[in-house]
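Some notes on the structure that comes next.
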Amino acid sequence: MTLFEEMGFSSEIQLAIEELGFKQPTPIQEKTIPFLLEKKQDMVALAQTGTGKTAAFGLPIIQQIDLTKKTIQALILSPTRELALQITSDINNFSKYLPKINVAVVYGGADIKKQINEIERGAQIIVGTPGRTLDLIKRKKLKINEISWLVLDEADEMLSMGFKDDLDAILENVPKEKQTLLFSATMPNEIVAIANKYMINPFDISVGKKNTGAENVEHHFYLIHAKDRYLALKRVADINPSIYGIIFCRTRMETKEVADKLMQDGYNADALHGDLSQAQRDHVMARFRGKHLQMLVATDVAARGLDVNDLTHVINYNLPDDPEIYIHRSGRTGRAGKKGISVTLIHLREKNKIKQVEKIVNKQFIQKEVPTGKEICERQLFSLIDKVEKIEVNEEQIGEFMPVIYKKLAWLDREELIKHFVSVEFNRFLDYYKNAPDINVDESKHREVDLEPGERNHRRRSRNKNGNGEERNNNGERKNKHERNEKKRGGYDFSRFFFNLGKKNGISKRSIIELINQKLPTQSVEIGSIEVLKSFSFFEIDKRYEKEVLKAFKNANYKGQRIGIDIAKGK
């Protein structure tokens, strides 16, 4: 068993490590730290988020920093502002007894002048997001021509967020005589391409299998009717009184709707989505990190950079289209040696997708029965009793009130007092679940009701054709061109767009969703169906945003390829 004190750190760093409570390194730290202390070779490390990567690269770097120089010696890139701030905080903690080490963090959405001042004070380590880092390089305020270390943390996330061009521009400006360290939870082809292009004979370190889920995570799914998705979510929350987790939704609108319903129903929840200002986002994240919120409802994009180690659950309100998104979601629980549960709510037509994800995650999913009202009431009751039994009583503060309380409750005997006490908290569960139906799907009785609302409408449109396959309107007349192009599902009118890139260009459903979110960052746009073919694609957008979409994608690029979109003609 290797201990940190055996790794050869300076007494100042070792003291900081001990104060942080670090004794035994995590697997990624045990493999990475000795290598970085002894070698100058490039390195690719495959490890899930939350496995201690910051210490894995941060400790060897600060051990080897030249304290006599005030030039930038290490550049650490991360996908989000929040992760950049977390890395900076960790490195400052590691180097607290090395006062000559200066760390500056740079990211968009903040005062660039203050960040320039921090750099000019003699920062030896820069932690930044790709966009702001490149901006400062172009302004010639961030000089990276003498760096000894370049760290790409969560490289797969940076690529999925559209930073490929920024990374290329930064990597082309760094000196050849430096050590490049690439950390990633998954290894898509784009990561392999970066390693091949910009790294020299990189040493591979892995504490997991490529593109697989975290070892400490159990994967559960509940088979329900689509219309019962929110009811099932509430039951999953209620059967786990101590839940502390993230609920992932597909769109900003769905995120808002689910969070609003939970709050209206009395749950300790809030939403994290792209429509929040930075101040609002910081407030929500601070409440969640401080465990003042039990459940955070978020989109994948909004949750990036939210680094929390104690999550008990990740709940997939919908199964994501891309299995790699599922890996990132589920990897947010089961960290630091703790157990976690990833829950997915699916309807019958999605069940075959579970098999696809199982192959990627390399674990079998366990089908669970949605708990009944009786089971939930029982669990909540005993959870309440446990809390009462273990509560710490402050005799000094409560003492002066007890005579009045004793007098007020003197008419109740012991049994009646306990019943009254329990009922104060428990009656709402009894009332709510008194006649609660079984919402599990009986697979032998599957009907169209199991489809999502949009899919049911699609079935109806498909049936509304004559014998020649021509679409007809409600009057039996042949639909005109405009009627055929207009999609109505779930209360939305959708416009269908032609997209000139397809699978051969590296396009996936996930990348199209992310492009839309990037190009319309201030809009909450409903996205309909997406179809990705070999050389081109189609996607649907709320008709009200038709002009905004055309304008936003004008002159846009994806991985150096010019994007062309237009309203799709015909069916």
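We did not get these values from a lab; they are worked out from the coordinates using the rules stated. Since the structure is predicted, the reported quantities are computational estimates derived from the model, not experimental observations. Ideal geometry is used to build each Cβ from the backbone, glycine not excepted, and the neighbour counts take in all protein chains shown.
Values as computed for the structure displayed
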item: Kirkwood-Stokes translational diffusion coefficient of the range 504-557, alpha-carbon pairs, 4 °C, 1.567 mPa s, µm²/s; result: 110
item: Sorted by Cβ neighbour density within 10 Å, fewest at the top, the residues Leu293, Leu36, Leu152, Leu550; result: Leu550, Leu293, Leu36, Leu152
item: Stretch gain in nm, segment Lys407-Tyr432, where the contour uses 0.36 nm per residue and the Cα spacing is subtracted; result: 5.7 nm
item: The range 217-370: radius of gyration and largest Cα-Cα distance (Dmax), Å; result: 14.5, 41
item: For Ile243, residues with placed amide H under 5 Å, excluding near neighbours; result: none
item: Relative packing of peptides 88-95, 198-205, 53-60 - highest average C-beta neighbours within 10 Å first; result: 53-60, 88-95, 198-205
item: Calculated P(r) of the range 319-454 - Cα pairs past 25 Å, %; result: 56
item: Lys/Arg +1, Asp/Glu -1 at C-beta; the chain dipole; positive extreme among Pro320, Ile126, Val258; result: Pro320
item: Cβ-placed point charges (K, R +1; D, E -1), dipole of the range 73-227 about Cα centre in debye, nearest 20; result: 560
item: Nearest-20 debye value, the range 1-123 charge dipole, Cβ charges on Lys, Arg, Asp, Glu; result: 360
item: 34 Å tail of the calculated P(r), the chain, as % of Cα pairs; result: 49
item: Least to most buried among Cys377, Cys249 (fewest other Cβ within 10 Å first); result: Cys377, Cys249
item: Spin-label pair Asn201/Asp566, simplified geometry with 7 Å Cα→Cβ offset, distance in nm; result: 5.3
item: Tensor-based shape of the range 174-271 (alpha-carbon gyration tensor, a/c under 1.5 rounded, otherwise prolate or oblate); result: prolate
item: FRET efficiency for Ala556 and Ser535, using Cβ-Cβ distance with R0 set to 25 Å, rounded to 0.05; result: 0.85
item: Fewest-first sequence of Val357, Val370 by Cβ atoms within 10 Å of each Cβ; result: Val370, Val357
item: Cβ-placed point charges (K, R +1; D, E -1), dipole of the range 217-370 about Cα centre in debye, nearest 20; result: 300
item: Net charge, Val308 excluded, C-beta distance under 10 Å - Lys, Arg +1, Asp, Glu -1; result: +2
item: Relative contact order (%) - criterion: Cα under 8 Å, at least six apart; region: the range 4-206; result: 29
item: Cα-Cα P(r), the range 4-206, percent of pairs per 10 Å interval; result: 9, 38, 39, 14, 0
item: For the range 314-355, the fraction of alpha-carbon pairs in successive 10 Å shells from zero, as %; result: 27, 53, 18, 2
item: If the convex hull is drawn through the Cα atoms of the range 32-86, its volume per residue in Å³; result: 109
item: Size of the range 125-220 as Cα extents on the principal axes (Å, biggest first); result: 51, 28, 24
item: The chain: relative contact order as a whole-number percent, Cα under 8 Å and 6+ apart; result: 13
item: Full-extension gain in nm, Gln367 to Lys138, via 0.36 nm per residue minus C-alpha separation; result: 77.1 nm
